[in-house]
Amino acid sequence: MPVLFEVQGLSKRFGRIAALQDVGFHVEAGEILGLIGPNGAGKSTLFECLAGVAPSDSGEVLSGGRPIAARDRSSILFYVPDGIAPWPSQSVQWALDFTVGFLGGCAALLDDTIESLDLRALLRQPIGSLSKGQRKRALLAIGLLTSQPALLIDEPFEGLDLRQSRDIAAALRGHAAQGRTLFLSIHQISDAARFCDRFVLLNSGRVRGEGTLPELAAQANLQENLEEVFLALT
């Protein structure tokens, strides 16, 4: 697949703590890429730096071989954080309409997105009143309706039960089948192994491996078991 964007030498410190250290990898158009690592590995910090929410200390994001300034990355990236409640006093329907009308989202996807994420019964509820799992589905709907070619989603399955996780996985997979690139931060390796095409392994702020499961397994000289491969390479 063609490369949508590439990250080179991305670093970020918080005082004496090196949250990211010389991070580099690429994202292919139309793939589902999993960012795998334990809590504290730097996954959320990496997404915030990529999206321009937080400044990096060094490094570049390139598309077509040209650097993209942080302020311009919204042309190709839309970031869906974990654990936030945007517009808490507004209804789910208002947030989805705002995404379509103001953020340039796709109106043709609205009904299908509501159905696939089981949001019909929640449309009139204020976002601030939703449970964690309900809010997660609303946030994912906002992301899926946006027009950027790549979605960065932090912990898409966090706070969801098994049935909800399967439904959301199906919705995301269907979206990717239409050409959308999904870059997902996932700390549950079993979820990532079932869902992602390729992987970036992150630990202690450093990339420890990148590739498909067969490629990573060959690098670790192991059978194709993502948990064992991750432990061996990190």
Practice problem: Could you run through the stretch 116-132 and say how many residues are exposed (fewer than 15 other Cβ atoms within 10 Å of the Cβ) and within 16 Å of GLY159 (Cβ to Cβ)? | Solution: 4
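Is there a residue being more than 23 Å from GLN164 (Cα to Cα) and buried (at least 17 other Cβ atoms within 10 Å of the Cβ) anywhere in the stretch 100-112?
Yes, the stretch 100-112 has at least one match.
Quick check on the stretch 90-97. Is at least one of its residues farther than 21 Å from ASP167 by Cβ, assigned to a helix (DSSP H, G or I) and charged (D, E, K, R)? Break it down into steps so the answer makes sense when it comes.
First, the residues of the stretch 90-97 that are farther than 21 Å from ASP167 by Cβ: 90-91, 94, 97.
Applying the additional criterion that residues be assigned to a helix (DSSP H, G or I) yields 94, 97.
Pick out the ones that are also charged (D, E, K, R) and you get 97.
There is at least one residue in the stretch 90-97 that is farther than 21 Å from ASP167 by Cβ, assigned to a helix (DSSP H, G or I) and charged (D, E, K, R).
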Practice problem: Could you run through the stretch 200-234 and say how many residues are in contact (Cβ under 8 Å) with a residue 24 or more places away in the chain and within 25 Å of ILE17 (Cβ to Cβ)? | Solution: 14
Self-check item: Lone unmet requirement of (1) over 24 Å from ARG180 (Cβ atoms); (2) surrounded by 15 or more Cβ atoms within 10 Å (Cβ to Cβ); (3) small (Gly, Ala, Ser); (4) modelled with pLDDT under 95 for ALA19
Solution: (4)
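Need a quick list: helices (runs of 4 or more DSSP H) entirely within the stretch 139-234 having at least 2 residues that are closer than 21 Å to MET1 by Cβ and either under 15 Å from the mean Cα position of the chain (by Cα) or of a type in the set (Gly, Ala, Ser) (or both). Reasoning before the result, please.
On the way: elements: 162-177, 189-195, 213-220, 226-233.
Correct list: 162-177, 189-195, 213-220.
The values are calculated or read from the model by the stated rules, or taken from the named source; none is laboratory data. These numbers were taken from a predicted model, which means no experiment stands behind them. Note that each Cβ is placed from the backbone with ideal geometry, even for glycine, and that neighbours are counted across all protein chains shown.
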